[in-house]
Amino acid sequence: MASSSNADYSFSKEVQLYPYPTHVNTANFLSIKLSGKTNYRSWQEQMTCLLDSHDMLGFIEGTIKHNQGKNDSKRTHNYKEYREWKRSDMLVKGWIFGSLNEDVMDTVVGLHTSHHVWKQLKNNYDILPAPTSNTGSDRDSSKYQPLYGAVVNGYWEKAREYFIKDKDALTCKINDDDDSPLHVAIGTCQNIYFVKNLLKELNSESLPYLVCKRQQTPLHRAALVGNTKAAKKLVKRNPKLLFITDKQRLLPIHRAIFGAHVNTFLYLLEVTKKHIGLSQLQGHSNPFRGLNAAALLTSVIGNGLFEVAYELIKEYPDMARTKKDISIPLKSIAGKLDAYLSGTKYNFYQNFVYHYVPIKDHNLDNGHEIDQDIENQVRDTTTPNAKGRRSCSNSVFGWIYVKLWEVLVLHVAHVKRLHEDKVKHNKAALVLKSICRELQKLENEGELREHYHEAVLLALEHDNTEAIEEIIKTFPQAIWTKQDDLHLIQLSILNRCENVYSFLVHKAVTDKHVHKILTDKDGNNILHLAGQLAPIHKLNMVSGAALQMQRELQWFEEVKRFALHRNGKTKNKKQETPIMVFRREHKELRKEGEEWMKKTADSYTITAALIITIVFAAAITVPGGTDGNSGKPIYDKDPGFIIFVVSDAISLFTATTSLLMCLSILTTRYRDEDFLYRLPKRLIIGLGLLFLSVTSMMIAFSATLYIMFAEGRAWILYPIAALTCLPIISFVRFQLPLLFDLYTSTYGQGIFDKQSDEKIKLH
């Protein structure tokens with residue numbers, strides 16, 4: 001209080017009769033402001049602890065009193081004592097006033113002493129019997145251990161005996177967490193019959209005040225454990241429970257979605273909307289307004305409920321513009337990597353199916369004009385050839401096309417999964433566009449930056465090009481987002497985010513020259529950054545040190561094509577050019593790549609040498625031998641012999657070529673640039689020819705068996721063919737993936753998307 005600083009200095013040298021702790025910071029004790037009946041008990045506990053810890057409890061209880069007296073001889077002394085008492089009482093009164101909200105404060109304005117204020121607040125807001133002392137029997141949870149066991153195990157008849165004997169047992173604290181029997185029954189008892197009977201014994205108006213140590217109501221507990229049946233019965237008894245917060249200012253609907261209890265959340269969402277008017281009552285909260293709205297929306301997005309999130313944004317647009325600590329809706333949807341195509345790795349066949357499987361528009365609600373505009377954008381961007389298919393949707397071919405895909409979706413598991421992925425990606429795009437559209441209404445640039453800054457950085461970290469593109473398209477200034485004084489293009493190079501890099505270079509950058517001349521605090525241009533070693537988690541995305549080295553070289557060459565010509569010779573503060581940085585950073589990786597290449601080539605060399613020995617010997621000793629007079633093979637006219645000769649020759653020549661290729665790998669100088677094309681190309685040729693050689697050798701051997709033993713026994717062809725396929729399939733199973741990785745990494749489309757250089761429209 002202001003008056004406390006101007007206290008009577010005549011008492012400064014005297015022993016104070018009344019405590020006056022001016023050093024106390026009440027914020028350390030009081031975390032709750034009294035807002036009404038719902039949090040009176042919590043507030044009372046905190047205030048009582050504060051006063052009791054400073055021996056000032058008697059002021060509110062009325063036991064510390066002072067009478068000025070009527071004796072003239074004592075009037076002066078009593079007056080000074082009264083002033084000291086009054087000063088301490090005003091301090092207590094000030095503490096109480098500081099912990100009240102405006103509505104509650106209006107009910108106690110004009111009261112003279114802290115005792116009167118306390119009594120008035122108690123009369124107004126404490127509707128339950130006052131709790132006994134902490135040493136009382138109801139605080140001794142061991143007394144109710146048998147009852148606790150009966151509740152946990154769902155023994156209603158046994159628990160009912162306790163309730164008959166002791167009515168207070170219905171609301172007592174039966175464990176160390178101050179849980180009531182109803183809390184325990186909801187949280188641990190699977191017998192809903194027990195909860196139903198227990199609710200019949202309780203007054204529905206007392207349910208909001210039946211709280212545990214964390215200030216959680218029974219509905220909080222039902223939401224926390226996902227007990228939907230109990231939640232339905234509680235809401236039916238008292239819908240006000242939906243809008244009462246716990247100690248962390250969270251509602252039951254928050255607890256349900258935080259625990260990923262989707263069914264419970266969807267039910268609570270439905271009834272919360274139905275009874276939303278109750279949130280206007282004193283001490284109640286609205287989950288769709290204020291800071292907690294951000295936590296709710298981000299949790300809905302985090303659990304993948306995109307359709308629910310989209311509907312929430314349509315009904316309560318302010319939710320998209322609110323944020324609380326790390327709960328930022330735009331950041332949440334931008335960081336949901338599996339909600340976008342760029343976050344899912346498909347093979348060629350899966351990509352084909354994904355792009356052509358149609359999705360129905362029933363997931364897109366066209367309730368508002370602005371939403372319809374967003375939905376049309378999503379249809380055109382997430383569904384390739386959508387316009388063409390819509391144009392033929394009324395034709396016979398269009399009908400057949402749709403029906404064919406419907407059959408595939410219903411009866412083919414992997415097609416159904418890809419269809420579900422596409423629907424999910426479509427809904428995520430709707431949510432992303434809706435949030436961006438709502439954020440456009442913010443006029444404060446600083447506040448807007450707080451929303452998209454973290455979202456852009458998180459999307460870049462996940463290489464989420466869809467989110468980056470939408471954010472930059474909506475907020476052009478977001479392209480200059482920085483982290484540690486590094487711009488997006490620098491961060492994308494350092495973190496090897498190929499999707500974001502391709503977007504920034506080939507689509508979004510309107511003034512490429514500005515990005516080409518960017519440098520960091522150490523004088524590194526973008527080519528220096530490309531020369532640095534990639535993060536370990538990015539390297540591990542590629543198998544084998546040699547292919548990792550190749551991927552790093554591809555990055556360096558790609559950035560080199562984009563950078564200025566002089567960047568290749570520019571030195572940083574350490575007097576290093578980009579290629580010097582690359583060789584220093586990749587020294588160990590190059591050694592590992594060399595070792596991997598040598599071991600791989602050496603193993604293939606041994607295999608090729610063995611095949612050469614076998615097929616060369618087979619060529620000399622032909623099946624069935626030769627004619628002693630002419631020297632010609634006995635079976636030279638047999639078709640099987642012709643197959644033997646051709647396949648044996650192919651096996652010999654291909655094995656020899658494979659051997660030479662592998663030997664060239666063993667004898668190379670292993671320069672950094674050799675890992676880009678030269679070494680992978682030789683390994684591809686060597687491994688491919690070795691596969692062809694093994695196949696030809698097995699065909700030659702099978703032809704020999706046919707010539708020698710199959711005459712008149714055609715059935716022998718079947719086991720021969722089966723056994724021939726065994727080594728070939730084994731080779732394909734274990735070696736073909738490496739060959740495929742080598743080929744796609746060296747000659748495939750590449751890691752950088754250059755299909756479109758069309759700039760996006762920044763508006």
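The values are calculated or read from the model by the stated rules, or taken from the named source; none is laboratory data. Since this is a predicted model, take the numbers as computed values, not measurements. For neighbour counting, all protein chains shown are included, and Cβ atoms are generated from backbone atoms with ideal geometry for every residue, glycine included.
Let me spell it out: the conditions are (1) in contact with a Pro (Cβ under 9 Å, 6 or more places away or on another chain); (2) assigned to a loop (DSSP other than H, G, I, E, B), and residue 234 meets all of them except one. Which number is the exception?
Result: residue 234 passes all but (2).
Identify all residues within the stretch 173-205 that are part of a helix (DSSP H, G or I) and β-branched (Val, Ile, Thr); write none if there are none.
Across the stretch 173-205, the qualifying residues are 184, 186, 188, 192, 195.
Just to be sure I understand, how many residues within the stretch 718-750 are surrounded by 12 or more Cβ atoms within 10 Å (Cβ to Cβ) and either at pLDDT below 70 or touching a Cys at 6+ places or on another chain (Cβ under 7 Å) (or both)?
1
Going through 10, 31, 42 one at a time, which residue ends up being over 17 Å from residue 115 (Cα atoms), surrounded by fewer than 19 Cβ atoms within 10 Å (Cβ to Cβ), modelled with pLDDT under 75 and under 38 Å from the mean Cα position of the chain (by Cα)?
31
Among the helices (runs of 4 or more DSSP H) lying completely within the stretch 473-592, list those that include at least 2 residues that are charged (D, E, K, R) and under 23 Å from residue 675 (Cα atoms).
In the stretch 473-592, the matching helices (runs of 4 or more DSSP H) lie at 545-562, 578-585.
Could you list, in sequence order, all residues of the stretch 464-523 that are over 20 Å from residue 534 (Cβ atoms), more than 23 Å from the chain's Cα centre (by Cα) and of a type in the set (D, E, K, R)?
473, 485, 507, 511, 512, 516, 521
Can you name every residue in the stretch 410-425 that is closer than 12 Å to residue 352 by Cα and outside any helix (DSSP H, G or I)?
none
Would you mind telling me which numbered condition in (1) surrounded by fewer than 16 Cβ atoms within 10 Å (Cβ to Cβ); (2) at positive phi residue 412 fails?
Tallying (1) surrounded by fewer than 16 Cβ atoms within 10 Å (Cβ to Cβ); (2) at positive phi, residue 412 fails exactly one: (2).
Considering only the stretch 290-306, how many residues are over 17 Å from the mean Cα position of the chain (by Cα) and either within 17 Å of residue 264 (Cβ to Cβ) or not hydrophobic (A, V, I, L, M, F, W, C) (or both)?
Residues that pass the stated criteria total 2.
Okay, residues lined up against (1) in a loop (DSSP other than H, G, I, E, B); (2) on the phi < 0 side of the Ramachandran plot; (3) modelled with pLDDT of 85 or more:
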| residue | (1), (2), (3) |
| --- | --- |
| 104 | no, yes, no |
| 107 | yes, yes, no |
| 133 | yes, yes, no |
| 159 | no, yes, yes |
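Is the stretch 544-554 home to any residue that is crowded, with 17+ Cβ neighbours inside 10 Å, farther than 20 Å from residue 592 by Cβ and among the charged types (D, E, K, R)?
Scanning the stretch 544-554 turns up no residue that is crowded, with 17+ Cβ neighbours inside 10 Å, farther than 20 Å from residue 592 by Cβ and among the charged types (D, E, K, R).
Just the residues that are β-branched (Val, Ile, Thr) and either surrounded by fewer than 21 Cβ atoms within 10 Å (Cβ to Cβ) or without any contact (Cβ under 8 Å) to a residue 40 or more places away in the chain (or both), please, taken from the stretch 415-457.
415, 423
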